[in-house]
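Student: First, the structure itself, so that you have it in front of you.
Every number here is computed from the coordinates shown, using simple stated rules; none is lab data. Small disclaimer: the values here were computed from a predicted structure and weren't measured. Neighbour counts are summed over all protein chains in view; Cβ atoms, including those assigned to glycine, are modelled from backbone coordinates with ideal geometry.
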Amino acid sequence: MNAALSELLGWLGYLQRPSVVLQLAGVIGSIVISQVLQRRWLTGAPMWLQGQLRLWLASLLIGLWAVLLNATGQLHGLVLFLLGWRCGWSVLVLIHPLLGRVLDPEQRYDLETRLLRPVFLVAGAIDLINQLDTVNDVAAIPVGEAFGVEISLGKVFVALAISYLVIVGSGLPAGLLARGLQRLLGISDSSRKAMELILRYAVAFVGILAVAMHIGINPTAVIAIAGGLSVGLGFGVKEIFSNFISGLWLLFEGSVRPGEVLMIDGDPCEVRRLGLRATVLWRDRDNAELLIPNQCFFTQDATTYTGSDRLRRSQVTIAAGLQHDPASVIALLEQTALTVPGVLPTPPPKALLISYGDWAVNYALRFWIANPMNNISSCSAVNQAIWTAFKAHGIEIPYPQQVAYLARSSAAAATDRQPRRFGDGETDQPN
Amino acid sequence: MPMNWRCCSIRKAETVAAALLLTLVSGCVARQGTQHQESQQRGVDTVLYLYAGVRDDSSDLEGFRRDFGQIFETIADEFRQINPRVHVVVQVYRETSLLRELTHRNASGLGPDLLLVSNSTALKLAQAGLTRPPRLTSELRQQFDAATLRRASLHNPTRLASLPVAQKAQLACFNTARLPQAPATLQQLLAISAGGNTVGLALNPTGLFWSVGALGAADALQQATARRPLTPQQQQAVVRWTRWLQAAATQQKVTFYPNQELLLKALSSGQLDWISCRSTDLPRLRRRLGTKLGVAPLPDGPEGQASPINELTALALGVNSSAAQRRAADAFAHFAVNPLVQRNITLTLKEVLPVNRYVTVPAESSVVLQAMVRAQQQSRTAETFASLVHLNDPRVQRSQSLITQLVFGESQPELTAQRLIQTLQRQP
């Protein structure tokens, strides 16, 4: 580390040169002036102008400084370099809305934060090193020893960069390969997602192994360390490791995959991601994301609607007046269900007479839907359709009512056998 | 708005960066203003940036850094004993990339204060105006012989492009496990190859020029290089050399290689038993061959002694230095050629020869030094060629092409000799 620090401090020697100091002073001055201008004089300007000036004012002033130095015969290469860097960053900000046109917000966020900006910053840092030194020289700086191998700064950087790129960048190729295999093999979407995840893990594992080989770490040493580490795993990070292994197991088993629908606390939830530690599920009811440790799926019962197929059988219950013919009501219910979008014709809807209630006949209408997450909305649609159909066919949906008969003589009772409701005429007394 | 958020983050980052840089630079500006007085009074640390050029065909940069570090530490440690406030930062570049790098860096003010490069590169950089000529006092001039000054100067010996600091001797390197004794003559060289030993020769004219003297063609080719007409005898001498090359090429165990790096690799891996090498290649070869590495002078011939071209290593001076850096760089360059330092480098490393003519090398102490001293004597045969033809001379490329055609049987010795003379006589 002393060598790295010494190299870093060595660069400060350039500040002994008036030409370098002059260039840097101008760049710093340009940045300060642009800040002052933005805060004091541009606050009243239109928003679009403020946005553009925030992006380009400093660059403009730095550019003017370069022109001035050039005109007076002074060195200005460093100013141009810093100007290029500043403009590059502005371009990165400018393409943000353009990316929004072709990518969804999550993809854009991932692309910008995980790839574009880190790559720009690292490339800028390397370029800066190349201005002050050579990347090869800096890369050759020793930083220590691992498993009997001398580790240099360059090896550490390459190892980190490749590992990062493999982990972050393997998503797209793994996704494309999984899609290709899906077309070839005809597998389901959830299987494709599982395959994509497995491919990513495999690529990351091979990539990290390749990095270790590139550094020159002896595979035997790695195996020995892995052996020692396994003991540590048993005690220290058992839970994390257990969750990781559970995640892999679930992927291979296929019971919990991205796209699957599981019942969690009585609510259908869709599996969004199967992470290293936890599974992310989405609950439609309140748009909540649930983070459930992978090992929970090992130890607890779970109900799935997507184990062998994605069909869900839904059911609504309805009461119809006692006076209506059950056969015609059942036929109407089945016919009505078929008219509702989302209700599958096969298997066909099935209506059943469940029971005779005190004031109505209770029916159940069972039907099948393709997306288990749409149960509530499908039931709502079917209920609405039934109301409309019953109204059209004069079928009463009765509200709670009770028929009471007065205890008179049998003759009087025969002449007076008219139903009476609560509140109508005489007050009925419960028997 | 995401745009605003980003702009804010940029603005904050810029403000912090500006504040940091301002603090740093203001401190340095303040230092700069009073630098001269301070340096007089209590001494300010001066940082010197030294670029070291590595041969273009070399693939062993790590090895170069290690070997170069040894040479450099020898000079720098002694220099720091009398200039303790000077720190030297070394950066390594390939010699072919130096022209581009210097053009770019000099424009930024981030160019080097010193460059330790081959004489050819130093001349090229000086010609492009990327380095400044060293201050050559009469006292300093006396340290060098006339031939060395001629080689290091662009137009006249009073204006040097750089200050020579060392000579890399061209030698014979061989594997003693397979070849107990190095061949002393060209005939012996072909005889050992006929006997089963593998021999590697360079295809480039500067790497092959050692064989010219042994066949009596050195004067002829040097005459041609100086654009003077050749006598029939001299032309015949050149034909003799090209015939020898053809004869060598027909030997099954003699192989021609396009560059020095391949020769070194082949000897290191055991593919070859004998090659021509540079004294600065010895540490690398020693690492691979250990005690099996043999070193000897290049073989003489029936018509004279070998004519190796001992490459000069020179210190060129940068153009971006501050006044203090300029003074320190000049002092460093002058220090590097003083007799005591030259002697120390030679005896400690046994890889380079001194350029200071007042330094005598005690050759008896080492076989390698003996070979190097012998190479120094032999190289006088090639002095004119060495001073007129540099590595980046276009005539070198054209000559290599002619030699390649000859050794692959595409051209006859007489025609090759004639074309070679014509090529060398052309204006570079």
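Student: Which order, highest average first, do A:389-398, B:215-224 follow once you tally other Cβ atoms within 10 Å for each residue and take the mean per peptide?
Tutor: Numbers: A:389-398: 14.2, B:215-224: 24.3.
Answer by packing, highest mean first, reads B:215-224, A:389-398.
Student: Please give the average number of partner chain Cβ atoms lying within 10 Å of the Cβ of each residue in A:35-45, rounded to a whole number.
Tutor: If you average over the peptide's residues, the count of other-chain Cβ atoms is 1.
Student: Ok, one more. For segment B:227-303, what is the Kirkwood hydrodynamic radius in Å, using each pair of distinct C-alpha atoms? Before the final figure, lay out the partial values.
Tutor: Details: mean 1/r = 0.0670 Å⁻¹.
Every distinct Cα pair counted, the radius reaches 14.9 Å.
Student: Ranked highest first by the average count of other Cβ atoms within 10 Å around their residues, in what order do A:53-66, B:164-177 fall?
Tutor: B:164-177, A:53-66
Student: Also: Shielding by partners for A:77-89, please: the mean number of other protein chain Cβ atoms within 10 Å of each residue's Cβ.
Tutor: Taking the mean over all residues of the peptide, I get 2.
Student: Sticking with this one: Got the relative contact order for chain A handy, in percent, Cα pairs under 8 Å and 6 or more residues apart?
Tutor: Here the relative contact order equals 8 percent.
Student: What distance in nm lies between label points placed 7 Å from Cα along the C-beta direction at B:V367 and A:L94?
Tutor: 6.9 nm
Student: Let me ask another. Using Cα positions and a limit of under 15 Å, work out the aspartates and glutamates in reach of B:K350, with same-chain residues fewer than 8 apart set aside.
Tutor: Within the straight-line limit of under 15 Å, B:K350 reaches these aspartates and glutamates: B:D67, B:E73, B:D281, B:E364.
Student: From the P(r) of segment A:1-101, could you give the percentage of C-alpha pairs in the tail past 16 Å?
Tutor: 66 percent
Student: Averaged over every viewing direction, what's the projected area of the C-alpha convex hull for the protein assembly as shown? Give it in nm², one decimal, please. Intermediate values should be presented prior to the final figure.
Tutor: Numbers: hull surface 240.5 nm².
Over every viewing direction, the Cα hull of the protein assembly as shown projects on average to 60.1 nm².
Student: Looking at segment B:330-416, which trypsin sites (Lys or Arg not before Pro) are in a loop (DSSP not H, G, I, E or B) and have at most 16 other Cβ atoms within 10 Å?
Tutor: Of the trypsin sites (Lys or Arg not before Pro), the ones in loops of segment B:330-416 whose Cβ has at most 16 other Cβ atoms within 10 Å are B:R357.
Student: Can you tell me the alpha carbon radius of gyration of segment B:169-237 divided by the globular rule-of-thumb value 2.2 N^0.38 Å?
Tutor: 1.36
Student: Among A:348-357, A:43-52, how do they line up by average Cβ neighbours within 10 Å per residue, starting with the highest?
Tutor: Top to bottom by mean Cβ count within 10 Å: A:348-357, A:43-52.
Student: Relative to the longest principal axis of the C-alpha atoms of chain A, give the angle of the C-alpha long axis of helix A:153-169, reported between 0 and 90° and rounded to the nearest 10°.
Tutor: Roughly 20 degrees, rounded to the nearest 10.
Student: Here's another thing I want to ask about it. Name all residues of segment A:254-278 having a backbone nitrogen under 20 Å from the label point set 7 Å from the Cα of A:L103 along its Cα→Cβ direction, giving them as ranges.
Tutor: A:273
Student: Right, something else. With an 8 Å Cα cut-off and a minimum separation of 6 or more residues, compute the relative contact order for segment A:276-388 in percent.
Tutor: So the answer I get is 27 percent.
Student: Given the -39500 (n - 2.57) contribution per DSSP H run of 4+ residues, what per-residue ellipticity at 222 nm results for the protein assembly as shown, rounded to the nearest 500 deg cm²/dmol? Walk me through the numbers before you get to the answer.
Tutor: Details: 36 runs with 473 residues, N = 859.
After summing the helix terms and dividing by the residues of the protein assembly as shown, the value is -17500 deg cm²/dmol.
Student: Let me ask something additional. So what is the relative contact order of segment B:321-428, in percent, for Cα pairs below 8 Å that sit 6 or more residues apart?
Tutor: Across segment B:321-428, relative contact order equals 14 percent.
Student: Along the Cα-to-Cβ line of B:Q127, 7 Å from the Cα, sits a label point; which residues in segment B:137-165 have backbone N less than 12 Å from it?
Tutor: B:154-155
Student: A further question follows. In whole Å, largest first, what are the principal axis extents of the Cα atoms in chain A?
Tutor: Projected onto the principal axes, the Cα atoms of chain A cover 126, 67, 44 Å.
Student: Once you treat every alpha carbon in segment B:349-428 as an equal point and sum by Debye, what is log10 I(q)/I(0) at q = 0.26 Å⁻¹?
Tutor: Result of the Debye calculation: -1.18.
Student: Could you size up the charge dipole of segment A:209-358 around its Cα centre, putting +1 on the beta carbon of Lys and Arg and -1 on that of Asp and Glu, and report it in debye to the nearest 20?
Tutor: That gives a dipole near 500 debye.
Student: Relative to the first principal axis of the alpha-carbon coordinates of chain A, what is the inclination of helix A:375-392, with its axis defined by its Cα atoms, in degrees from 0 to 90 and to the nearest 10?
Tutor: With rounding to tens, the tilt is 30 degrees.
Student: Let's see if you can work this out: charge +1 on each Lys and Arg Cβ, -1 on each Asp and Glu Cβ, no other charges. What is the dipole magnitude of the protein assembly as shown about its Cα centre, in debye to the nearest 20?
Tutor: 2300 debye
Student: Once you place label points 7 Å from the Cα toward the Cβ at B:Q246 and A:L406, how far apart are they in nm?
Tutor: Here the modelled spin labels are 14.6 nm apart.
Student: Hey, what angle do you get for helix A:47-71 against the long axis of chain A, alpha-carbon based, 0 to 90 degrees rounded to 10?
Tutor: Compared with the principal axis, the helix lies near 10 degrees.
Student: Tell me, what is the FRET efficiency for B:T137 and B:R288 to the nearest 0.05, using R0 = 56 angstrom and their Cβ-Cβ distance as r?
Tutor: Computed FRET efficiency for B:T137 and B:R288 comes out at 0.80.
Student: Rg (Å, one decimal) plus Dmax (Å, integer) for the alpha carbons of segment A:273-405?
Tutor: Both quantities, over Cα of segment A:273-405: 19.4, 70 Å.
Student: A follow-up question, please. For A:L291 and A:D358, FRET efficiency with R0 = 45 Å and r from the beta-carbon atoms, rounded to 0.05?
Tutor: 0.40
Student: Still on this structure, I have one more. Going Cα to Cα from B:K253, which aspartates and glutamates come in below 12 Å? Please leave out same-chain ones fewer than 8 positions away.
Tutor: Straight-line reach from B:K253, under 12 Å: B:D273.
Student: Here's a follow-up. What is the distance in Å between the Cα centroid of segment B:324-391 and that of segment A:251-325?
Tutor: 83 Å
Student: For peptide A:20-29, what's the mean number of Cβ atoms from other chains within 10 Å of each residue's Cβ? Don't jump to the answer; show the numbers that get you there.
Tutor: Details: counts 7, 9, 3, 4, 7, 6, 0, 4, 11, 2.
Per residue, the number of nearby Cβ atoms from other chains is 5 on average.
Student: Still on this model: How high is the FRET efficiency between B:A146 and B:Q181 when r is their beta carbon distance and R₀ equals 30 Å, given to the nearest 0.05? Please report the intermediate quantities before stating the final value.
Tutor: Numbers: r = 37 Å, r/R0 = 1.22.
Once rounded, the FRET efficiency stands at 0.25.
Student: While we're here: How about B:K124: which lysines have a C-alpha closer than 21 Å to its C-alpha, ignoring those fewer than 8 places off in the same chain?
Tutor: Straight-distance partners of B:K124: B:K168.
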